[in-house]
1. Can you tell me which residue is surrounded by the fewest Cβ atoms within 10 Å (Cβ to Cβ) among those in the stretch B:37-51 that are more than 8 Å from every other protein chain (Cβ to nearest Cβ), out of contact with any Lys or Arg (no Cβ under 7 Å at 6 or more places or on another chain) and in contact (Cβ under 8 Å) with a residue 60 or more places away in the chain?
2. Return a yes/no flag: does the stretch A:37-48 have any residue that is in contact with a helix residue (DSSP H, G or I) (Cβ under 9 Å, 6 or more places away or on another chain), more than 25 Å from residue B:48 (Cα to Cα), among the polar types (S, T, N, Q) and modelled with pLDDT of 90 or more.
3. Can you spot a residue in the stretch A:89-99 that is within 14 Å of another protein chain (Cβ to nearest Cβ) and touching a Phe, Trp or Tyr at 6+ places or on another chain (Cβ under 7 Å)?
4. Before we move on, is residue A:24 touching a Pro at 6+ places or on another chain (Cβ under 6 Å) and among the hydroxyl-bearing types (Ser, Thr, Tyr)?
5. Mind checking whether some residue in the stretch B:107-125 is within 13 Å of chain A (Cβ to nearest Cβ), of a type in the set (D, E, K, R), more than 29 Å from residue B:164 (Cβ to Cβ) and surrounded by fewer than 19 Cβ atoms within 10 Å (Cβ to Cβ)?
6. Evaluate the following for residue B:135: is it crowded, with 19+ Cβ neighbours inside 10 Å, on the phi < 0 side of the Ramachandran plot and of a type in the set (D, E, K, R)?
7. Among the numbered conditions (1) touching a Ser or Thr at 6+ places or on another chain (Cβ under 9 Å); (2) among the acidic types (Asp, Glu); (3) modelled with pLDDT of 95 or more, tell me where residue B:100 comes up short.
8. Look through the stretch B:140-197, keep the residues that are of a type in the set (Ser, Thr, Tyr) and surrounded by fewer than 21 Cβ atoms within 10 Å (Cβ to Cβ), and return whichever of them is farthest from the chain's Cα centre (by Cα).
Amino acid sequence: MLGTLESGGKIVVSDLEAGVGTLTRLQPGHVDVVLVVVEPSAKSIEVAGRAADIASRSARVVVVANRVRGEVDVETIRARLGDRDLVVVPEDSSITRADRDGVAPIDAAEPGAGVRSIIELGDRLTESAARPSS
Amino acid sequence: MRIAVVGKGGAGKSVVAGTLARLLARRGRKVLALDSDPMPGLSISLGLGPLTTAMLADAAEKDGNGRWRLKKGIGAARAVQRHSVLAPDGVRLLQFGKPELEGMAPLMGSLNAFYQVAHRLAQTKVLSGWTIAGDLPAGPRQAAFDWAPYAKFFIVVVEPTWQSVLSARRIGRIARAGNGVKVLFLANKVSGPSDTKVMADRLHAGLLASVPADDAAREADRLGMALLDYAPSSPAVAALETVAGELERRSGEGSVPGSSQIGDR
């Protein structure tokens, strides 16, 4: 389905299922960017490393280091994924509260550092999409 | 006692399954840990580190129609005896494997053999006294497709988020369709009594237990270590020790005489 969507002037955001199953079926041109979301845990990093390797065959990969509490967490992720384009999203109690209350984090009364990082990532991606490809 | 651990991604299924498997082994039980999740998890939570091995690849063959099956002459007992690996506390681990860059195709023999083993376990006499702890992948799919027919208890691991609760309710509904299956909800990463109450209200069910949010568990995850090895005295381990005892009580099996408890090691 992703491969058949018209993309002129539109942005499609697709939330894929956990793991690498869907990624293995992705073909070049289906998507422009794959965001590989990773937590600072050995299991998550193991999957993210594999996902990034598979996704990079068909799209640009940005690794999103999520729920990061400090430099140790960043270094743990960089040790496996450091050569990738990496965006850090700090642990954010406003996201935790939003998840618990069943509301969108972006609608939180006082968005925290994590939400702000995701907004910046969105801005960055839309800017790069608007630039003519060389 | 035969259990399957299910839930939404990131809820902590593998940590719960791996820690419970070892705690039950320490209570004197023979324990088989079954990993039917293609993503890494159970081997790490048991303390073996990441294992990708397709353990049943040599136990599989194609039939005349080109379909994978267990080799003739290999039953569940032999598959466990020959192809499982030894984990800490004497737990045996059996997994169908983890996909590499080529995807699932190289694992299909092991995967189909694993599925058949899972379906024969409950009828295999030499394994009748064993405790089985299965770690299923995120979501309801394997529960719906009967990947854990051995299980008498489905433990649904739930985090205090709406997404996790909604997934848990759906998985619970599907698992209850199994014959004689009991569904038990385990609240994980709980920050306090208000979390517990909110989760019980939203699940419309009582909770088997509440496992507290625990920095030690997070650090064990970061390091890729078993929670039991990194922080044996942590609040999360204490809560799971209580769960192990409660499961023994509910299964009617009781504790094994002369068994060692966690403090003995």
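1. B:49
2. The answer is no, given that none of the residues of the stretch A:37-48 is in contact with a helix residue (DSSP H, G or I) (Cβ under 9 Å, 6 or more places away or on another chain), more than 25 Å from residue B:48 (Cα to Cα), among the polar types (S, T, N, Q) and modelled with pLDDT of 90 or more.
3. yes
4. In short, no.
5. The answer is no, given that none of the residues of the stretch B:107-125 is within 13 Å of chain A (Cβ to nearest Cβ), of a type in the set (D, E, K, R), more than 29 Å from residue B:164 (Cβ to Cβ) and surrounded by fewer than 19 Cβ atoms within 10 Å (Cβ to Cβ).
6. yes
7. Exception for residue B:100: condition (3).
8. Looking at the filtered set, the residue picked out is B:194.
The values are calculated or read from the model by the stated rules, or taken from the named source; none is laboratory data. All of these numbers come straight from a predicted model, not from anything done at the bench. Quick reminder, even Gly has a Cβ in these numbers, built from the backbone with ideal geometry, and neighbours come from all protein chains shown.
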